[in-house]
Amino acid sequence: MRKIVNTLSLLFLLLSSVAYGVDENTPEVQNEEVIVFKKSPEELVKLANVNKKLEEIDKKLKDNILLKRYSNYSTYRKISNDLENIKEDLKNVKKKGGKHSKELEYQLNNKIRIKENELELISEYKDSPIGSLINPPEIEKYETISNPFGIINALSYNKKLQDHRKEFSAVNINLEETTDFLEEKLFLYLELYNIDQKDETENMINLLDQQKKDFTMVHDIVSTTEEVYTRKIEQVILENKKQISEQIEKTLTILTIILVLFIISFLIKLALKKYFSQNENFYMANKFINFVIVFMVVMIVLFSYIDNVSYIITILGFASAGIAIALKDWFMSIFGWMVIVTSGSIQVGDRIKVTRDGVQAVGDVLDISLFKITIREDITYTSYTVNRRTGRIFFIPNNYIFSEMISNYTHSGLRTVWDGIDITITFDSNYKKAQHISKEILKHYSKGYTDITRKQLSKMRSKYSLRATGVEPRVYTFVEPHGIVISSWYLTNSYAALVLRSTMSPEILEAFMKEDDITIAYPTQTVNLGDGGQSNYKRTPPPDLPDV
C-alpha cells in the first residue's frame with residue numbers, strides 16, 4: 001500500500017510539473033527556442049522552504065552509518081562494472097592481437113588484479129547495501145548446565161542474547177527511519193524540480209529513488225529476519241531458564257541432603273559426648289564422624305555433577321600406579337590414620353614416646369590428623385637424661401607406626417606406669433632392713449596409684465589377656481661390683497613420674513642414712529702416700545645411674 005501511495009505521489013508531481021502553465025508575460029528567446037520563466041515571489045518562498053527542509057534532513061543523515069555503508073555498496077557495484085569492462089577490453093585485445101597487444105594485456109591484467117583486491121576488501125557489500133548488518137549476530141550453541149556455576153554463565157548468556165536482539169532491532173529501526181528520510185528527501189527534490197528544472201536535480205532524484213528502493217528492499221528483509229531471530233532467541237532463553245530452574249532445584253536438594261547429614265552428625269556427636277566418659281575418646285569419635293561426613297558430601301557432589309563417573313574411574317584406574325608411587329607416603333599416612341582410628345592404639349591426650357634417627361621425644365598427643373600425629377614434649381626422665389631440653393612440638397607422619405615402635409604410656413585408659421629408684425649400699429650393710437624401709441616408703445607414697453591401677457587393669461581384662469597383674473610396690477636386691485643395689489619399683493602417674501621420684505628419692509636416702517647398719521656405697525680408690533705403707537682412701541661419687 002505504501003509503494004502505491006508513493007508511486008501515485010510521484011505521478012502527481014510529474015503531472016503538476018507538465019501542467020504548470022507558461023506565463024504570457026514571459027519573454028521568449030526565438031533564436032535558441034528556449035523558454036525562460038521568471039519565478040514569482042511565492043515560488044521563491046517555496047524554493048527557500050524546500051532547501052531549508054533539505055538542509056535539515058541532510059543534518060539528520062550526516063552521521064547515518066547505513067548511508068555510509070550504502071556508499072561502500074555503490075562503490076562495490078561501480079568497481080564490479082569497471083572490472084567487467086576491463087575484462088571485456090582484455091578479450092577484445094586478445095582477439096585483435098598486434099604488436100602492442102602483449103603490453104596492453106599486461107596492463108589490463110594488472111588492473112584486473114587491482115580491482116579484484118579492491119572488491120575483496122569490501123566483499124561484505126556484494127549482496128547487501130548495508131553489508132554484514134543485514135545478518136543478525138550468530139546464536140552460539142550453549143552447553144547443558146551441569147553444575148551450579150553454570151547458572152551464572154547461563155544468565156550471562158541470556159543477557160548476551162538479549163543484547164544481540166536489541167542490536168538487530170536497532171538496525172531495523174534505523175533502516176525504517178533512513179527509508180522515511182530518503183522518501184521525504186525524494187519528495188522535496190521532486191518539488192524542487194517542479195519549481196526549478198535542473199539536470200543535477202533530476203540526477204539527484206534518480207539517485208534518491210534508487211537508494212529508497214534498495215533500503216526498502218533491505219528493510220523488508222531485515223524486518224522478516226528480525227521476527228524469526230527474535231522467536232529463536234526467545235526459544236533459547238526459555239530453554240536456558242528451564243535448565244536454570246532445574247539446576248537450582250537440584251542444588252537445593254543436594255544442599256538439603258548435606259544439611260540433614262550435618263544435623264544427624266551433630267545429634268550423633270551429642271549422644272556420644274554423653275556416652276563417652278573421657279574427652280579423648282569423644283575427640284577421636286568426633287574426628288572419625290567428621291571424616292565420614294566429608295567423604296559422604298564429596299561422594300554426593302561427585303555423583304550428582306559428573307555425568308560419566310565410570311569414565312573418571314577408568315582414568316583413575318590407569319593413573320593409580322603412578323599416583324601410588326608418587327604419593328606413596330601420603331597413602332601410607334592415610335592408611336596409618338585409618339589403623340590408628342579403628343584400632344584405638346593411640347588417642348588424643350595419650351602420652352607416647354617416639355624414637356627416630358637417634359632423636360627421642362616423650363609428649364602428649366595434641367591431634368591426630370589424616371597425615372600426621374602432633375605431640376607436645378613434656379619434662380620427663382628422657383628429657384633429663386637424653387635431650388636436656390623439652391617443650392617442643394613434634395609432627396610424626398602416620399606411616400611411622402608401620403616402620404617404628406611407639407610407646408604409649410596411657411593406652412586404653414591406663415594412666416600409670418612403673419618407675420624405679422636404685423640405691424647402692426655396702427656389702428656389710430643390713431640389706432633386709434633396707435628392703436623393708438624402701439617398701440614402706442613406696443607403699444606410703446604410691447598407695448593411691450596402686451588402687452587406681454588395680455581398677456584399670458580389671459577393665460582391661462575384657463580386651464586383653466592379662467596374667468601378672470600385681471600392682472603392689474616391689475623391691476629387688478642385686479649384687480653389683482660396688483655393692484648391693486636396692487631397686488625399688490612403684491606405680492606412678494604417667495604424666496608426673498618425675499614428681500614422685502624426686503619426692504621419694506630423698507626420703508629413702510634419708511631413711512638409710514639414719515640407720516647405723518646401713519651405709520651408702522659408691523666407688524672407692526686406694527692411694528699410697530709413703531714408705532709407711534699407710535693408705536688414704538678417697539671416695540668419689542658414683543656416676544648417674546640410668547633408669548631401668
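No lab work stands behind these numbers, since they all come straight from the coordinates. Keep in mind the model is a prediction, meaning the values are calculated, not measured. Quick reminder, even Gly has a Cβ in these numbers, built from the backbone with ideal geometry, and neighbours come from all protein chains shown.
The shape of the stretch 461-511 comes out oblate: with a ≥ b ≥ c from the C-alpha gyration tensor, a/c is at least 1.5 while a/b does not beat b/c. For the peptides 83-91, 346-354, the ranking by mean Cβ contacts within 10 Å, running from highest to lowest, is 346-354, 83-91. To the nearest Å, what is the center-to-center distance of the stretch 447-472 and the stretch 60-75, using C-alpha atoms only? Result: 103 Å between the Cα centres.
Listed by chain and number, the lysines placed with their C-alpha closer than 17 angstrom to that of Lys141 are Lys159, Lys160, Lys232, Lys241, Lys242; residues fewer than eight positions away on the same chain are left out.
Between Glu84 and Leu272, the simple spin-label model (points 7 angstrom out along Cα→Cβ) gives 8.9 nm. Note on Lys213: lysines with a C-alpha under 24 Å away, same-chain residues under 8 apart excluded, are Lys3, Lys53, Lys59, Lys60, Lys62, Lys68, Lys78, Lys126, Lys185, Lys198.
Legend: calculated FRET efficiency, Asp163 to Asp127, from the Cβ-Cβ distance at R0 = 30 Å, rounded to 0.05, equals 0.70. Shape class of the stretch 39-134 from the alpha-carbon gyration tensor: oblate, with a/c at 1.5 or above and b/c at least as large as a/b. Take the alpha carbon gyration tensor of the stretch 84-237, find the square roots of its eigenvalues, order them as a ≥ b ≥ c, and report rounded if a/c is under 1.5; if not, report prolate when a/b exceeds b/c, else oblate. Since a/c reaches 1.5 but b/c is at least a/b, the shape of the stretch 84-237 is classed as oblate. Would you mind getting me the FRET efficiency between Asn387 and Thr253? Use the beta-carbon distance for r and R0 = 45 Å, nearest 0.05. Given R0 = 45 Å and the Cβ-Cβ separation, E is 0.20. Between Ser369 and Phe295, the contour length at 0.36 nm per residue exceeds the Cα-Cα span by 25.2 nm. Ordering 129-138, 240-249 by mean Cβ neighbour count within 10 Å, with the highest value first, yields 129-138, 240-249.
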